[in-house]
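Chemist: Sharing a structure with you now.
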Amino acid sequence: MKRIEAIIKPEKMEQLRLALEEVGYPGLMITKIDGHGKQKGVTRQWRGREYKIDLLPKAKVEVIVPDKDVKKIVKAIVDNVHTGEVGDGKIFVSDVINAVRIRTSEEGDAALL
Ligand SMILES: Nc1ncnc2c1ncn2[C@@H]1O[C@H](COP(=O)(O)OP(=O)(O)OP(=O)(O)O)[C@@H](O)[C@H]1O
Ligand SMILES: [Mg+2]
């Protein structure tokens, strides 16, 4: 099992949520976070003055999926949120040791879907 964490623009969250539901992933977690990447925030103008915003609001979408589905999900994420602009986001994939559906005690892949 893998954990796929996608850090994306908040305005893309709803579209991605629906797309994941469509490819068969009803289970997900969404967290509102603040962060920065390579550009370390943005510089804005306000009343003729420049000021810097170090942290920008982002959405973290997290799905735990069977190994065989990682490619499909990563592609679905990229296809739905890519604009080509800086700040499009990032996807992290990591190992998950186990999952348990508490209601049934099912474990592993069976607990996911
Ligand atoms: N190495 C990292 N570790 C943890 N979080 C990261 C990392 N890189 C990016 N993030 C998170 O992803 C968000 C979006 O990053 P962003 O898309 O701006 O990455 P980038 O590397 O700057 O790429 P780009 O040049 O396309 O903007 C950041 O606000 C931050 O929350
Ligand atoms: Mg960036």
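Coordinate-derived values only; no laboratory data. Everything numeric in this text was worked out from a predicted model, so none of it was measured. Positions of Cβ are generated from backbone atoms using ideal geometry, with glycine treated the same way; all protein chains shown enter the neighbour counts.
Chemist: Being within 22 Å of the chain's Cα centre (by Cα) and either closer than 21 Å to residue 17 by Cα or away from ligand 2 (no atom under 16 Å from the Cβ) (or both) is the requirement here; does residue 54 meet it?
Modeler: Answer is no for this residue.
Chemist: Another question, if that's okay. Would you pick out the residues in segment 49-70 that are away from ligand 1 (no atom under 15 Å from the Cβ) and under 17 Å from residue 27 (Cα atoms)?
Modeler: 63, 64, 65, 66, 67, 68, 69, 70, listed by residue number.
Chemist: Take the residues in segment 70-94 that are in contact (Cβ under 8 Å) with a residue 40 or more places away in the chain and out of contact with any helix residue (DSSP H, G or I) (no Cβ under 9 Å at 6 or more places or on another chain), then tell me which one is farthest from residue 35 (Cα to Cα).
Modeler: For segment 70-94, the residue satisfying everything is 72.
Chemist: For residues that are surrounded by fewer than 10 Cβ atoms within 10 Å (Cβ to Cβ) and among the hydrophobic types (A, V, I, L, M, F, W, C), scanning just segment 79-106, find the one that is nearest to ligand 2 (Cβ to nearest atom).
Modeler: By that ranking, first place goes to 86.
Chemist: Counting just the residues of segment 31-47 that are assigned to a loop (DSSP other than H, G, I, E, B) and either in contact with a Leu (Cβ under 7 Å, 6 or more places away or on another chain) or not polar (S, T, N, Q) (or both), which one comes out farthest from ligand 1 (Cβ to nearest atom)?
Modeler: Result: 47.
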